[in-house]
Structures are given as C-alpha cells and as structure tokens.
Amino acid sequence: MKTLSVDTALGACSVAILDGESVLAHRMTVMERGHAEALAPMVEAAMQEASLAFTDLDRLAVTTGPGTFTGQRVGLAFMRGLRIALNKPLVGVTTLSVMAHQAMAQSGRTIGVALHDARRNEVYLEIVGAVEQAPSVLQFEEAVERVATLAQRIVLAGTAAERAQAMLPAAALSRVAQPDALWVARLAQQMEAPTEPPKPLYLRPPDAKLPVRA
C-alpha cells in the first residue's frame, strides 16, 4: 500500500511516502511558522524521490490536531484537496498518538504518553498502548498526576515530556518532541479506510477572537 502522509500541526513540517514497510521518501523540518509555504514543495520533492505519480498512491494520511490553529488547518486543507482530486481515502490521526506510538516503539515500553505544551501551564495529553486515554487538555500538574501510577511502564514524548520526567523519574524519556509524518503513515496503514474526510481536532477555542460589532 503506497501511502503519502503529512504533518503541519505543531512545530514541524514533515512528509513521508511508504510502500508497506518500505520508506520511499521522508522529509522533516522543525519550524514554528511557514508551513503553508513549505508543504507543497516538500511533497513534490518527496514524490520525485519516490519516483511516483500521485495517481500511484493508494492512501493519504494527515494529522488532525491538536495543534496550532493555523498549522493543523494547512495540512488538512492540502490533503483534503488531494483526496478529492485523486479520489483516494484520507486517514486522520492525532498529533499526540503519532508521538506516543513512535516513542513506545523506540523504547520498548508498553504505554506511550504524549505531553505537549499548550501554554498557560496546560498540556495536551494522550495515552496509547496497554492503557489508553483520548486526547485532552489539562493543567500540567493534573496531567502528571494522571499518569503517575503508570510511571514504570510509560515512555514520555512531546515538548512537555522532559519537565514531566523530572517529576516521574521511573518513566522513560524519549527524544520525540514533534509529530513525524513517517509515523503518521505507519499508523494510517493499520487503520480502516474512512468514507468521510477527517476533521480538525480542537481541544480548546482559538486565542484570537473576532471583533464584536457595536
């Protein structure tokens, strides 16, 4: 199954093309902004490296969030457009699940915990593996307390992982700080093909507010 995946939702822009377990192309650049300008050229370069036409693809995949309001919409809009143009299934996975699964696979721990800084002393939290918890946004201390009893079985990922590991010394600490499209594709290949396009996952409203008319 030839799968094109992208991520632009948080602090990186990445693209991967897999054919089953074979990696045909993979690019990842850490960036806080500029995802919209970087994505299309990155996808085009990856397709050339893989020696594929877009019509050769069997499946598309993208991160749905949580993430920055603009960033997660860039990837979703791009891939939803490809879904229509190519008439190919598009699978959505959360940014947190991607990081947690990567950390779990690389560490050998049975539970992956993604803790990503959401500002205001809040973190995005998702737990995967032997214990699962859907994505949520919590105060940092509450999130750490939520996983404290699992510390000996977990590996931490995300930008808040190092801070959390200081309070959970039995937990393993990974170097996974951003979602990687390579793992987006790996997860997407294991999922059923959806009939509807994925929607953005927002765990809280955007900081920006529309002006109120007098």
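Could you check what % of the DSSP bridge pairs in the chain are antiparallel, to the nearest 5?
On the way: 27 of 41 bridges.
That works out to approximately 65 percent antiparallel.
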- prompt: Between HIS35, MET104, PHE54, whose Cα lies farthest towards the positive end of the dipole of the chain when Lys and Arg beta carbons carry +1 and Asp and Glu beta carbons carry -1, centred on the Cα centre?
  reply: HIS35
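So for LEU173, LEU4, LEU182, fewest C-beta neighbours within 10 Å to most, what's the order? Provide the component values of the computation, followed by the final result.
Values: LEU173 18, LEU4 32, LEU182 21.
In increasing order of surrounding Cβ atoms, one gets LEU173, LEU182, LEU4.
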- prompt: Each residue of the stretch 32-40 in turn: what ³J(HN,Hα) in whole Hz from Karplus with 6.51, -1.76, 1.60 and θ = phi - 60°, glycine and Pro shown as x?
  reply: 8, 8, x, 4, 4, 6, 7, 5, 4
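Provide the FRET efficiency to the nearest 0.05 for the ILE84-VAL30 pair, computing r from the beta carbons and using R0 = 30 Å.
For R0 = 30 Å, the calculated efficiency reads 0.50.
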query: Dipole size in debye (nearest 20) for the chain around its Cα centre, Lys and Arg Cβ +1, Asp and Glu Cβ -1?
result: 420 debye
task: Could you pull the Cα extents of the stretch 115-200 along its three principal axes, largest to smallest, in whole Å?
output: 42, 27, 21
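Rounded if a/c is under 1.5, else prolate if a/b is larger than b/c, else oblate: which is the chain, with a ≥ b ≥ c the root eigenvalues of its Cα gyration tensor? Don't skip to the end; give the middle numbers.
On the way: a/c = 2.00, a/b = 1.32, b/c = 1.51.
Because a/c hits 1.5 or more and a/b fails to exceed b/c, the chain counts as oblate.
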- line: Computed over the Cα atoms of the stretch 1-94, the Rg and Dmax in Å are 12.1, 33
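What is the sum of charges, Lys and Arg at +1 and Asp and Glu at -1, for the other residues whose Cβ falls under 13 Å from the Cβ of PHE78? Kindly include the intermediate steps, with their values, before the conclusion.
Numbers: positive: ARG73, ARG80, ARG83; negative: ASP7, GLU37, GLU44.
Computed value for this residue: 0.
Indicate the gyration tensor shape class of the stretch 35-88 (rounded, prolate or oblate), computed on the Cα atoms with a ≥ b ≥ c the square roots of the eigenvalues: a/c under 1.5 is rounded; otherwise a/b larger than b/c is prolate and the rest oblate.
On the way: a/c = 2.42, a/b = 1.49, b/c = 1.62.
Oblate, because a/c is 1.5 or more while a/b does not exceed b/c.
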Amide hydrogen neighbours beyond the local backbone of ALA160, cut-off 5 Å, H modeled: LEU115, HIS116, ASP117
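The numbers here are math on the coordinates, done by the rules we state, and not lab data. For clarity, every value in this text was computed on a predicted model and none was experimentally measured. Note that each Cβ is placed from the backbone with ideal geometry, even for glycine, and that neighbours are counted across all protein chains shown.
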